Amino acid sequence: MSANCGVCGKECKRDGNEVVCDGGCREIFHQNCVKGDVEGKKTRSGNYTCKKCRSNLKEFITQAMKDLKTEIVGEVHTLKAEVTELSKSVEFLSTQSDTNKELLQDVKGELAKLRKENAELNGKCAALTEELTDTKERLRNLEQYTRKNNIEVSGIPVTASEDVSSIVKDLGAALGIDVDESQVTAAHRIPSFKKERPPALIVQFQKKAQKDTWISKFKEAKDLTADKVNPHFAKQKIYVNDHLCPENKIFLGKLKTKCNAIGYEYAWSRDGKFFARKSQGSKCIKVVTLKDIEHLK
């Protein structure tokens, strides 16, 4: 089998003396025809590559290099653009960071200012609260002072068309007191502090000493009942005490509640003043304010 030589064009037999192109075209050549083609033998395999294949390879490599260069240049441009954008972002973030730092400093300043104002307001509020508490205490004491000559009698039943003055005289007689009408400034009913009880009877005397006498006589009488004042009344207990203003009645109620809670046996009022005692023979404690009640232990 034979073919024409790729150089001279003459017949070239395939007898082992021919040269075959290793570049892809697979043409054959006389050894003498390619003997002087040194470039054709500069291949990794040491085989021969014809000029045509070498030219095609060169064009391919050149084009590949151009394409690679174009791609690299494009990538570089893209990278530059990304770096530029990143630089802008970093600059923006840096500016924002500076702005945020300034804003944070402003916020911290405002917060410190608000804390200071809040502390001042809390101080003023505490002072006003204390002043209000003191004012309430003074008002409570003032209201009680207007009742210093009064007694409050509870437990006397209400009857139709009752004569309060006669009830006062009968009560005085039950206590062993001769009632002089000139000593009594006023006498009337008021709603009881406890709704289930009949309205209390308030008696106002001209002098505090007269009031003190009635309370003293009541304590001596001990278990005084309504039927001893008037035989038509039911046998129910009567109480004669200082006439406490509403605030002091609440105050006494809180004092008794606290004393029960901590095991105190005694809690009472006298002349609008309040006292507590843990047990018989123990120290008598004067209670003036709500804080005093809270501090009992």
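Counting the residues of region 248-293 that are hydrophobic (A, V, I, L, M, F, W, C), over 22 Å from Leu132 (Cβ atoms) and in contact (Cβ under 8 Å) with a residue 24 or more places away in the chain gives 2. Inspect all residues belonging to region 209-232 and state whether any of them is in contact with a Ser or Thr (Cβ under 8 Å, 6 or more places away or on another chain), modelled with pLDDT of 95 or more and either surrounded by 14 or more Cβ atoms within 10 Å (Cβ to Cβ) or farther than 27 Å from Tyr145 by Cα (or both). There is no residue in region 209-232 that is in contact with a Ser or Thr (Cβ under 8 Å, 6 or more places away or on another chain), modelled with pLDDT of 95 or more and either surrounded by 14 or more Cβ atoms within 10 Å (Cβ to Cβ) or farther than 27 Å from Tyr145 by Cα (or both).
Would you be able to say whether some residue in region 194-204 is among the hydrophobic types (A, V, I, L, M, F, W, C) and part of a helix (DSSP H, G or I)? Checked against the condition, which is being among the hydrophobic types (A, V, I, L, M, F, W, C) and part of a helix (DSSP H, G or I), region 194-204 yields no hits at all. Scan region 38-58 for residues that are at pLDDT below 80 and either in a helix (DSSP H, G or I) or buried (at least 17 other Cβ atoms within 10 Å of the Cβ) (or both) and the total you get is 6. Look at region 56-90 and say how many of its residues are charged (D, E, K, R) and under 60 Å from the mean Cα position of the chain (by Cα). Number of matching residues: 5.
The values are calculated or read from the model by the stated rules, or taken from the named source; none is laboratory data. Remember, predicted model here, so these are calculated numbers, not experimental data. Because the Cβ atoms are built from the backbone with ideal geometry, glycine has one as well, and the counts that use them run over all protein chains shown.
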